[in-house]
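Structure first, commentary second.
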2 protein chains.
Amino acid sequence: MNENHRFEIRLAGEGGQGLILAGIILAEAAVYDGKNATQTQSYGPEARGGASRSEVIIADGDIDYPKVTHADLLLCMSQESCDKYFYDIKQDGVLIVDTSYVSRVPTSKSYRVDITGLATEVTGRAITANVVALGLIVGLTGIVSRQAIEAAVVARAPRGTEELNLKALAVGLEEAERLKSQRE
Amino acid sequence: MNENHRFEIRLAGEGGQGLILAGIILAEAAVYDGKNATQTQSYGPEARGGASRSEVIIADGDIDYPKVTHADLLLCMSQESCDKYFYDIKQDGVLIVDTSYVSRVPTSKSYRVDITGLATEVTGRAITANVVALGLIVGLTGIVSRQAIEAAVVARAPRGTEELNLKALAVGLEEAERLKSQRE
């Protein structure tokens, strides 16, 4: 985390990709780890058409301003969101794009993963892409513990889909390890 | 709405009452009406134990600060939330309490409704209390149109429960009319 222990996460894509729920799960996991968190979504001109944006702030202390100003982590699950939000990432911020939707990335410093493809391959359901993405985010940033994100995923998974979602999470975490080892 | 066309709503109670989803539905309804909206929930010391708090800001213009400072409308579905947030209501703000959970209300200027009781009676499911509450809120404040809130409820209702949830909404709207006519 940065100097004042505030970590800003933006999850951007389209409606129906489960990004709001992913934000809620991430915020709840932070609390399991003893941190504070807020999760906000904006509607209206800021998120016109099918666009969806979920923002999570995680901090050790109070969170006075619950919106992202410069993202420590940006996840893009649509080309539009990547084009729009790329410029708000911090210099050392992490960018993750889902190559199922994003083909043009304006930097070489990004993690390009076929998140939706991985989700479909491993769980048979594209809708678990949001949980694969959570695994990637947690694996790459360590912003919450593995234990906490697992507990939060299970708590929010529709009944009967807990195992499926844990599988999706595990794939994201493993992919993160693979990506990190490539950069070393 | 107030001078700068910003309306602040706080939905407070406990986890499992569906207040986050209620906030999302309300925010989405505002967009159907052509307005801007944000929905935020806070986790951590601010919402310790089982407490849950969902905040919605609806405005004609941009929303720079997505947190409630002084609520135009406060819904309390737990005694604790009523004790805690009562003091942040605007002078002419509206307070709605669910008498299934709240017995002590520190003002006579409130709407006291057995929201959970009504939900159980009409739909057979206490979990629809959040949608009954939405009907009350919309009926009492007119902050979004009936058409918009119906569309937003249907869009977010789990498949197969659309009719049930519209019934819950209608009960809340009717109860609001009854309460308003009593005050005239």
Condition check: in contact (Cβ under 8 Å) with a residue 60 or more places away in the chain and closer than 24 Å to B:Ile25 by Cα. Does A:Arg10 satisfy that?
yes
Between B:Val56, B:Val68, B:Val31, which is buried (at least 24 other Cβ atoms within 10 Å of the Cβ) and within 14 Å of another protein chain (Cβ to nearest Cβ)?
B:Val56
Selection from region B:163-184 of residues charged (D, E, K, R) and part of a helix (DSSP H, G or I) yields B:Glu163, B:Lys167, B:Glu174, B:Glu175, B:Glu177, B:Arg178, B:Lys180, B:Arg183
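Given the criterion touching a residue at least 24 places away in the same chain (Cβ under 8 Å), in a helix (DSSP H, G or I) and out of contact with any Ser or Thr (no Cβ under 9 Å at 6 or more places or on another chain), identify the matching residue among A:Ile25, A:Ile20.
Within the list A:Ile25, A:Ile20, the selection yields A:Ile25.
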Helices (runs of 4 or more DSSP H) lying entirely in region A:71-162 (those with 1 or more residues that are among the polar types (S, T, N, Q), in contact (Cβ under 8 Å) with a residue 40 or more places away in the chain and surrounded by fewer than 16 Cβ atoms within 10 Å (Cβ to Cβ))
A:146-156
Go through (1) within 16 Å of A:Gln41 (Cα to Cα); (2) open to solvent by less than 30 Å² (accessible area, probe 1.4 Å); (3) at the interface with chain A (Cβ under 10 Å from one of its Cβ atoms) for B:Gly44 and report which single condition fails.
(1)
Kindly provide the set of residues from region A:163-172 that are buried (at least 23 other Cβ atoms within 10 Å of the Cβ) and among the small types (Gly, Ala, Ser), ordered by number.
A:Ala168, A:Gly172
Six or more apart or on different chains, Cβ under 7 Å: which pairs go from a residue in region A:52-64 that's without any contact (Cβ under 8 Å) to a residue 40 or more places away in the chain to one that's open to solvent by 10 Å² or more (accessible area, probe 1.4 Å)? Could you list them?
A:Asp62/A:Asn36
Considering region B:163-184 alone, what residues qualify as being free of Cβ contacts under 8 Å to residues at least 12 places away in the same chain and among the polar types (S, T, N, Q)?
B:Ser181, B:Gln182
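Conditions tested, residue by residue: (1) modelled with pLDDT of 95 or more; (2) among the charged types (D, E, K, R).
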| residue | (1), (2) |
| --- | --- |
| A:Ile115 | yes, no |
| A:Glu121 | yes, yes |
| A:Ala129 | yes, no |
| A:Leu136 | yes, no |
| A:Gly139 | yes, no |
| A:Glu150 | yes, yes |
| A:Ala155 | no, no |
| A:Ala168 | yes, no |
| A:Glu177 | yes, yes |
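The values are calculated or read from the model by the stated rules, or taken from the named source; none is laboratory data. None of these values were measured; they are calculated from a predicted model. All Cβ positions, even for glycine, are placed from backbone atoms using ideal geometry, and neighbour counts span all protein chains on display. Each accessible area value is taken on the protein alone, full model and side chains, heavy atoms only, with ligands, DNA and RNA left out. Shrake-Rupley method; radii C 1.70, N 1.55, O 1.52, S 1.80 Å.
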